[in-house]
Structure formats: C-alpha cells, structure tokens
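Computed from the coordinates by the stated procedures, all read-outs in this text should not be read as laboratory data. Everything numeric here is computed off the predicted structure, so don't read it as measured data. Glycine also receives a Cβ, built like all others from the backbone with ideal geometry; neighbour counts cover every protein chain displayed.
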Amino acid sequence: MKTMKIAPSILSADFANLERDVKLVEELGADYIHIDIMDGQFVPNITMGPNVVAALRSKTKLTLDVHMMVDLPERFIEDFANAGSDIITIHQEATPHLHGALQKIKNTGTKAGVVINPGTSVETIKNVLHLVDQVLIMTVNPGFGGQSFLPECLEKVKELVRLREKMNLDFDIEVDGGVDDMTIGLCKQAGANVFVAGSYVYGAKSPKESMNKLQAAVN
C-alpha cells in the first residue's frame, strides 16, 4: 500500500510570509509543499517563478512538489530543477511534446509528474505513464484556489489505479482541488495517496485543526 502524503498548497498562503507559512505546515506534519506555478497564459492567474522555489529550498527540508500550469513547460524545466524542485509536474494539455518534456525532467535528476485537467481523459497519458513518478488528477479547473471539488474526477483516479496494476508501474496518484476533511476520504477510497490542500489549511482559523482532520481522514 502506498504511503499517504499531505501536500499543503502555498497558493493559499500569505505571500508576504511564505517562510513562516511553510514552517507552520512543516511543524504540523506536512509531507510536501505544493507550489503552483502559473503563467497567465495556460491559466488566467500569474503566481511565482524559480526564484521563489530557490528561496524556499533553503528554508525547508520538505519535498517541493512543483506544479507547472504553464504553456510549453519544457522552456523552464531546467530553471525549476536547478532551483531545487524535488518533483516537477506538467500538464498534458500544455505541450505537444509531452514525452520529450517528461524525459527532460528525468534528465535533470528530478522526479517527473504529469497532470490532467477535469475535461481530459486518462487515455491521453497512457503512453507516458512508464516515465512518471506521479500523476496528478485535477479535481477542479486549474487557475484559482478555493473552488468546489468535482466528484466525477474520482473515476479517473480509479482508472489510473487499474492501469498502474495492469502495466505493473509504481507511480503516486495525487489529487488537487477542493480537498477538505470530507473529500479527502473519497479520494483515498478511489486510490489516491497524495492530497493537495490549499484554502482548507491556509484559509482556516486553525490550520493545525485542519491538518489534524486531514491526517485523521487518511490514516
């Protein structure tokens, strides 16, 4: 059985106090820090670049899980790898050269992940699953935090579990979007083992209570 991992997303953290907010969830038992990179093209929002990843790298020992919501991500893979990313995850929809882009991530010595949006089928990534360490299923449409969970995306998680078994592979299955103490159980039941939570943790009156609830729900 896969290890369960909680990955708070700093998209919902206080950008003026990122070090504080990263240390907060580290102390509360987070496994990953999920970093959403947005370019204003692939998604309407603009967030941060490799310099932020590099700044955080020196402040935490946690796995930096970098989710690139960026057109043609292959242009920036080396920059994010050099900045200290542990996992770089790119969108199937963002590049016509998905296989090559994933190879490029692997060549930097960084773990590679592939993401699909709610409207994209698992079938579209079947031919690259042997290259990846992680598959991210978006359970909201990407671009902004605080959206409602799309339960129909759980079928894709189940489909991935079946494919992983059939192809004798070992990648993690991550979910991102609308994850809270209720939906996390549904995601685990479907077969996910990495859970991204942003506003549920950082938007809470008590992030500690939120983290405790998430951990209790998956363990």
Residues located in segment 71-98, provided they are more than 20 Å from Phe171 (Cα to Cα), out of contact with any Phe, Trp or Tyr (no Cβ under 7 Å at 6 or more places or on another chain), in contact (Cβ under 8 Å) with a residue 12 or more places away in the chain and assigned to a loop (DSSP other than H, G, I, E, B): Leu72, Phe76, Ala83, Gly84, Thr95, His97
Just to check your reading of the model, which residue among Lys126, Lys188 is in contact with a helix residue (DSSP H, G or I) (Cβ under 8 Å, 6 or more places away or on another chain) and either at positive phi or in contact (Cβ under 8 Å) with a residue 60 or more places away in the chain (or both)? Lys188
Residues of segment 165-178 that turn out to be more than 12 Å from Pro151 (Cβ to Cβ), surrounded by 21 or more Cβ atoms within 10 Å (Cβ to Cβ) and in contact with a helix residue (DSSP H, G or I) (Cβ under 7 Å, 6 or more places away or on another chain), as a count: 2
Answer yes if at least one residue in segment 98-110 is closer than 20 Å to Asn127 by Cβ, touching a helix residue (DSSP H, G or I) at 6+ places or on another chain (Cβ under 7 Å) and among the hydroxyl-bearing types (Ser, Thr, Tyr), and no otherwise. no
Being under 27 Å from Leu150 (Cβ atoms), part of a loop (DSSP other than H, G, I, E, B) and of a type in the set (Ser, Thr, Tyr) is true for just one of Thr120, Thr124. Which residue is that? Thr120
Could you check how many residues of segment 137-158 are touching a Gly at 6+ places or on another chain (Cβ under 9 Å), over 21 Å from Ser210 (Cβ atoms) and either in contact (Cβ under 8 Å) with a residue 60 or more places away in the chain or of a type outside the set (A, V, I, L, M) (or both)? 4
